[in-house]
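The structure appears below as structure tokens.
The values are calculated or read from the model by the stated rules, or taken from the named source; none is laboratory data. Because the structure is predicted, anything quoted here is derived from the model rather than measured. In this analysis, Cβ positions are derived from the backbone assuming ideal geometry, glycine residues included, and neighbour counts consider all displayed protein chains. Just the protein is used for accessible areas: all its heavy atoms, side chains included, with ligands, DNA and RNA removed. Shrake-Rupley method; radii C 1.70, N 1.55, O 1.52, S 1.80 Å.
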2 protein chains.
Amino acid sequence: MKIVIIGSGNVAQVLTKAFLQAGHSITQMMARNLDVLVNFCEPLAIPYTNDFSQVDTSADVYIIAVSDGAIENVSTQLPIQDKLIVHTAGSVSEKVLQSKTNRSGVFYPLQSISKQVVEVPELSMLIHAAEENDLQLLLDLAKSISEKVSIANDEQRLQYHLAAVITNNFSNHLYAIAYEYCEKNKIDFGALIPMLKEQVNRLENQSPLLTQTGPAIRRDAATIQKHMSMLNDEEQKMYEWFTLSIQKKH
Amino acid sequence: MKIVIIGSGNVAQVLTKAFLQAGHSITQMMARNLDVLVNFCEPLAIPYTNDFSQVDTSADVYIIAVSDGAIENVSTQLPIQDKLIVHTAGSVSEKVLQSKTNRSGVFYPLQSISKQVVEVPELSMLIHAAEENDLQLLLDLAKSISEKVSIANDEQRLQYHLAAVITNNFSNHLYAIAYEYCEKNKIDFGALIPMLKEQVNRLENQSPLLTQTGPAIRRDAATIQKHMSMLNDEEQKMYEWFTLSIQKKH
């Protein structure tokens, strides 16, 4: 399969590495920033260009992994006709590609991909395509790099994205709050990690509704009181919201 | 080492299994509920009693793993003198044991241990003892079942416990909210799990302050708006708190 990647940011790089690890070759990488292209593509022997007019027009799929707001504009500049073009964004409609092509699609890795990501993480892939043959192609491509592939339309992808923000971004912020709290009190944040790993591992087999523990669900007012007295105003609001919300749900 | 476990609940059972796996033998298990004792102890060939007067008085350490409010009362009923007695609670002072003995201690597994826990999870151990020899004994015992052992006094253990509630209990509640949201919208919660695993794995090497991603930190008002419109009133409060708090911290 001939794959052209447009973009050179975190998502473009992680997908490219995942494709290479799965045995695909990348036909070409295209992006504005030539320095990044040189650094990333040369060690991996990937052809690259920063010129739209030099984009390989013979590929099977064009994967646009650029910032949300730039997707539409980039798609219209591609010097191709009647080719499958997909973007990789969680909360951007597939429709933005349809000013360029009817063969639109989405190839969205449901994963938190920041600059710090060096190794390719395990990916869940959410895919969609306007045409059935294209969907089959994306399905094969997604399965080659992921064990969890789901078909999701715009609305479903947005729902997944919201669920990802709540579970991943917000719990990461809870970790950050606890991290700073541990640093301030000179206790070891690392001591919490086995517990956090175990918690996530349990999600494979058990609903998180069944594994809730802690003072809120036990309605342990003495401990809740103690904890509240150890927090600042902003943190207290958060502690209170969670305590009430846990008690309401259980 | 001769170990007597008092209690037959989740923590008592998990610690007992961990000791057995580490090659210790359990001298005796003591609890009120004879049925639970029979079911748990007989397959493991652990001597047991539900009678305080039958407690083995020759052990090296007595581990009280009962509910927080019962610890002091249980300790005073033990028919022993001048022996090391520890409890296993996160937010109970070691001092509650000192009406019984000067050889008090704490042996606290920093882990979410609910009825659903069948296998022994990786444990972080927080330990303390009033006397130095006892601390050494607990240190050896803890290291035999855990790779992460820290010494923590009452205040520090309470701080760890608060950090555990924030990271583990509260993020579990976020998972529960997302789980119900996925069920309601018929999308697959399981698709989120690789991302959540990756997030926790990153904690081993990176501060969560460096790995924050998502619409809040990107100040992506359009996505935040979309997400808010997809949530109920109570969830909106939570979404708003996190968004503002993330933006404030970064």
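Below are the figures for this structure:
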{"quantity": "Karplus-derived HN-Hα couplings along the range A:176-189 (A = 6.51, B = -1.76, C = 1.60, θ = phi - 60°), whole Hz, x at Gly and Pro", "calculated": "5, 4, 5, 4, 5, 4, 5, 4, 4, 9, 6, 10, 8, 3"}
{"quantity": "Rg in Å to one decimal, and Dmax rounded to a whole Å, for the protein assembly as shown via C-alpha atoms", "calculated": "26.9, 89"}
{"quantity": "Percent breakdown of C-alpha pair distances by 10 Å bin, ordered from the shortest bin, for the range B:116-250", "calculated": "9, 27, 32, 18, 11, 3, 0"}
{"quantity": "Solvent accessible area, Å² - B:Glu155, 1.4 Å probe, full protein context", "calculated": "120"}
{"quantity": "Rg(Cα)/(2.2 N^0.38 Å) for the range A:1-63, N = residue count", "calculated": "0.98"}
{"quantity": "Number of partner chain Cβ atoms within 10 Å, mean per residue of A:179-190", "calculated": "5"}
{"quantity": "Within 10 Å of each Cβ in B:154-160, the average number of Cβ atoms from other chains", "calculated": "4"}
{"quantity": "Using a 7 Å Cα-to-Cβ projection, A:Ser114 label spacings across copies, nm, ascending", "calculated": "2.8"}
{"quantity": "Residues of type lysines that B:Lys115 reaches as a straight line, Cα spacing below 20 Å, ignoring anything fewer than 8 places off in the same chain", "calculated": "A:Lys197, A:Lys249, B:Lys17"}
{"quantity": "Within-11-Å neighbourhood charge of B:Ala178 [Cβ basis; K, R +1; D, E -1]", "calculated": "-2"}
{"quantity": "Using θ = phi - 60° and Karplus 6.51 cos²θ - 1.76 cosθ + 1.60, couplings along the range A:216-221 (whole Hz; Gly, Pro as x)", "calculated": "5, 6, 6, 6, 8, 4"}
{"quantity": "Gaussian network model of chain B, Cα within-10 Å springs - most flexible of B:His24, B:His173, B:His161", "calculated": "B:His173"}
{"quantity": "For the range A:168-231, accessible area per residue (1.4 Å probe, heavy atoms of protein chains only), Å²", "calculated": "38"}
{"quantity": "Ranking by accessible area, most exposed first, for B:Met29, A:Met228 with a 1.4 Å probe", "calculated": "A:Met228, B:Met29"}
{"quantity": "Shielding by partners, peptide A:240-246 (average Cβ within 10 angstrom, other chains)", "calculated": "5"}
{"quantity": "Whole-Å distance, taken between Cα centres, linking the range A:74-102 and the range A:110-188", "calculated": "22"}
{"quantity": "Summed buried accessible area for B+A [probe radius 1.4 Å, Å², rounded to 100]", "calculated": "8900"}
{"quantity": "Whole-percent carbon and sulfur share, accessible surface of chain A, 1.4 Å", "calculated": "46"}
{"quantity": "Exposure of B:Asp140 as accessible area (Å², to 10), given a probe of 1.4 Å and all protein chains", "calculated": "80"}
{"quantity": "Reciprocal of mean inverse Cα separation for chain A (Kirkwood radius, Å)", "calculated": "20.7"}
{"quantity": "Label distances, nm, A:Glu240 versus same residue in remaining copies, Cβ-directed 7 Å point", "calculated": "1.4"}
{"quantity": "Which of A:Phe242, A:Phe52 is most accessible, then next, and so on - probe 1.4 Å", "calculated": "A:Phe52, A:Phe242"}
{"quantity": "Along each principal axis, Cα extent of the range A:133-205, largest first, Å", "calculated": "58, 22, 20"}
{"quantity": "Across the identical copies, how the B:Thr76 labels are spaced - nm, sorted shortest first, 7 Å along Cα→Cβ", "calculated": "8.1"}
{"quantity": "Kirkwood Rh, angstrom, the range A:79-180 [1 / mean 1/r, Cα pairs]", "calculated": "14.8"}
{"quantity": "Whole-Hz couplings from phi, Karplus 6.51/-1.76/1.60, listed for the range B:90-106; x for Gly and Pro", "calculated": "x, 10, 10, 5, 4, 4, 4, 7, 7, 6, 9, 8, 7, 8, 8, x, 10"}
{"quantity": "Neighbour net charge for B:Val149 - beta-carbon separation under 14 angstrom, K R +1, D E -1", "calculated": "-1"}
{"quantity": "Directionally averaged shadow of the range A:60-132, computed from the convex hull of its alpha-carbon atoms, nm²", "calculated": "5.4"}
{"quantity": "Residues of the range B:106-165: accessible area per residue with a 1.4 Å probe, Å²", "calculated": "42"}
